[in-house]
């Protein structure tokens, strides 16, 4: 018999670690402890089962204890909760079926306890119709409520990934959905100036958005429903509240173990996913990891990183000392009705908070060649530093967003630059892309910015401009200008610019914009070569217009 | 007035260079010469216009001479053919409207003459119903024939990108299409073992494929059609022949110019796209460039590289001495009915020819999480060297192929490894991918191969095995085995393997396979740890089955 390895938690991280360990070591005794009934279920699929996109419940169960026992000879123990760890004795105390407890010795321990939904101490939160979503049990419970004919109005609290997905799937089931978010915008991985596109998509599909308005109180109504009271003083009724304001590491059982935890309860690990205690590793949503971009400590409760950590920990345990984890860049994606929103790396908010200087380029290319049917515009926001290193990207659109964010995520992982973005040779045929792919385009625009050929500004720069010392110049056609423009701008169409330069005061800085940024770029080139100080609003009027969206209340 | 720059050729490379140069230099005199009537047309869209997917002919015209004159102040001269270049005098002789000639001096000359369809000297090729596709004129001509009610049978000669696209669009228009290819398979960027998937898709959609059978003669028939005679002795009738056997650089006019040409007539350039003659640059389909993977000289007549070369040449001309082109990796993609086929980097054929050793991993993951509706299997073939450097990839499937090839193309461009493939943090939500993306999966499989954990073999290795010294072991279920298996294999289902090891002769090499490769991998791990010499057929029986397809004749 080989070493005895205990794994706490049988979902993404734990199940992956168990299977990998068996492939690396036929001899090890591997015990997988799972508090609930199910292991390795499709966590990310739960909202879609409640919404009805996934109809067959059994599809959520990726593997069963029986399958793991048979094929991988894992000693899978469900309904077995680790209630404490003794790192000196190297043992785990396990509660079985919520009753009897026993101890089990380990040579190696892998902690993958995950994270649990936060339930704040708001008045009235104990109403049984205020539900969160973590596991199959929660899913069954929520679905049984949603399936009731009497349930017509749902309020989702929290505009993170799960909140937005739940709002979508419940709307698509025909329920009237309100989404309440305490911050001024949903989806924190996205910056305020582009997340409006996602907010508009939600409103256009019937979700009522109540942003910047925290919940203060829940009240049970006579019909068994809930009244939700907000800080603004407003209140509204719901038959069901879905609480999705975030997760916290489920690590209370480690309190007296000697295993180091962070301020929010995350397990601290080194690059090999080892904790401070001998033979104890940790992976998944419960650990603190380095941000791949900033190097700062962070937590990224996503399935991809959990799986990768599990593989790396298993490798290290099986005797591959070079196996290490170098952090997460937080690549994420979600479907919002017909829209895809995806991001990777740092956004402006994170960089500002960490004091990292950056540049922004924003483009609106088509998902594929415009002359081939079905091309959809996408918005791609690229963030890079003064040396051209790519720091992050955000994409929103109806087609081809996932591809572009994955390509940029790859460049970020390989520590590439905007020069690399321009050099990429991506697959082009009219149904798939353009000869200059949107990623190349973003690279070109950023390159022209850093080289000084056409320096870029953002909406923030326009907000903060000095009207005495600058001119806001719209270079679109007269017709475009007249049908809507940024306040206090003057209009000289690009094709007339060379002949009307004398109308411009060369002592002032020219803030140029067009519809998407391309004519503005040409205008800046003309202006520079005629002695003007000119910069271009990246993304143009289209960016201004999209960022200006505010939901009806 | 600034320098005088003449550009020969007004399509992808030429038009891009002209626009970029103007943005870099307001003063330069820029003359764009185009032999035909149209500049900057949508070359890659021509088949789709003939097929009817693109209905509006004007959409093919990306920009017009008038627009370029107005916005970029380019002196666009259509119907103006450069008929010779005098590099000593720095002048170009231009024929206007096919009649008068005149000379024009240049300070800088950019050659972007493109490539023209090859018309071999086969007997009967002068039949006016044997057409090729290069420009708008050809397109109009071919469409006018296709539009005739009497045209029902079309034969496409040549199974390259244009040939396959034409076969597809004409089939979708309701014509009976035969595709004739001299080589044993279509689409040379793909290896023989996976291109069969594309061939099957074509046959399943009604295209008759005649492979490995060169045309020997054309004969005009009484009805104005053509009889096509093949080397096999077979012949068949067509109302129209589309000739698409490849292109040759259109550089005859440079014969006596002193500009160095390669053996096939390609213009030779350095890394700045400069020819051997002072002030003369060349870009696009007519030039020879380095293969990014092997470093050998090659030609890549694709729009993406042409655009990139044009930008780089323009930068260099405008005084950016560091602007250089480091070669093409040949990333390409095409739609074949419901299938997408894409590739990047080198294939096995190219590497064998260049004597480069390599490994192959082949996976069949789903385009996204299997539990979310609409997931489609894709075939992803990864090629890498002994050190793990990624050399190439080929993908075929109904969804998500473009994304995975673009990600791998990015890794190749940044000189990444299979380790990088496993480390990539790509965007995951159930509608888009899996927690382990297909690209990660391919990386894992390759890593297990190179580390010796589960060495891979291909079908070629199975063909060449010594039956005396090896056992072909099918580890699928009895039911799977009985419904089809590789000849001369024995069956021990994976879940019985640990208990039936004594049935295997440990003096022989075990060539293991399962359905897609995953159970085979687990089997190899069990076998290794029990002292057997075992390897795994990458891609499994599914790969064997797909590669075995041969079209009906």
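What the table below lists for this structure:
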| quantity | calculated |
| --- | --- |
| Residue mean of other protein chain beta carbons inside 10 Å, A:307-318 | 2 |
| Per-residue average of Cβ from other chains inside 10 Å of A:191-198 | 0 |
| Added length on full extension, which subtracts the Cα-Cα distance from 0.36 nm per residue, residue B:66 to residue B:533 | 161.0 nm |
| Chain B: relative contact order as a whole-number percent, Cα under 8 Å and 6+ apart | 11 |
| Nm distances between copies for residue A:487, ranked from closest, using label points 7 Å along Cα→Cβ | 8.1 |
| At 0.692 mPa s and 37 °C, Stokes diffusion of the stretch A:338-450 via Kirkwood alpha-carbon radius, µm² per second | 236 |
| Distance from the stretch B:143-204 to the stretch A:274-318 (C-alpha centre basis), Å | 50 |
| Fully extended contour minus Cα-Cα distance, from residue A:482 to residue A:118, at 0.36 nm per residue | 126.1 nm |
| Inter-chain shielding of A:411-420 (mean C-beta neighbours from other protein chains, 10 Å cut-off) | 4 |
| Where the Cα pairs of chain A fall when distances are cut into 20 Å bins, in % | 19, 46, 28, 6, 0 |
| The stretch B:464-523 versus the stretch B:538-553: alpha-carbon centroid distance in Å | 19 |
| Label-point gap, in nm, between residue B:26 and residue A:37 - each point 7 angstrom along Cα→Cβ | 7.5 |
| For the protein assembly as shown: rounded, prolate or oblate by the Cα gyration tensor [a/c cutoff 1.5] | oblate |
| Efficiency of FRET from Cβ geometry, residue A:252 and residue A:148, R₀ 45 Å, rounded to 0.05 | 0.85 |
| Förster radius 60 Å - calculated FRET efficiency between residue B:73 and residue B:223 (Cβ-Cβ, nearest 0.05) | 0.65 |
| Residue B:55 versus residue A:234: modelled label distance in nm, points set 7 Å from Cα along the beta carbon direction | 4.3 |
| Label-zone membership for the stretch A:213-239, site residue A:173, 7 angstrom Cα→C-beta point, backbone N under 17 Å | A:225-226, A:238-239 |
| Relative packing of peptides A:69-81, B:488-500 - highest average C-beta neighbours within 10 Å first | A:69-81, B:488-500 |
| Label 7 Å beyond Cα on the Cβ vector: residue A:125 copy-to-copy distances, nm | 7.9 |
| Over chain B: helical MRE at 222 nm, DSSP H runs n ≥ 4 each giving -39500 (n - 2.57), nearest 500 | -8000 deg cm²/dmol |
| The stretch A:1-140 shape via C-alpha gyration tensor axes, a/c threshold 1.5 | oblate |
| Simple label model, 7 Å out from Cα along Cβ direction - residue B:387 to residue A:463, nm | 5.0 |
| Per-residue Cβ neighbour rank within 10 angstrom, fewest leading, B:157, A:336 | A:336, B:157 |
| Percentage relative contact order, the stretch A:456-547, counting C-alpha pairs under 8 Å, at least six apart | 32 |
| Pseudo-label separations to other copies for residue A:548 - Cα-to-Cβ vector, 7 Å, nm | 6.5 |
| Cut-off 19 Å (backbone N to label point 7 Å along Cα→Cβ of residue A:88), residues of the stretch A:259-284 | A:259-261, A:276-280 |
| Euclidean distance between Cα centres, the stretch A:375-397 to the stretch B:81-134, Å | 41 |
| Dmax and Rg, reported as Rg then Dmax, of the stretch B:66-187 (C-alpha, Å) | 19.7, 55 |
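Laboratory data are not the source of any read-out in this text; all were calculated from the coordinates shown. A quick note: this is a predicted structure, and the numbers were derived from the prediction, not measured. Using ideal geometry, Cβ is built from the backbone for each residue, glycine included, and neighbour counts are taken over all protein chains shown.
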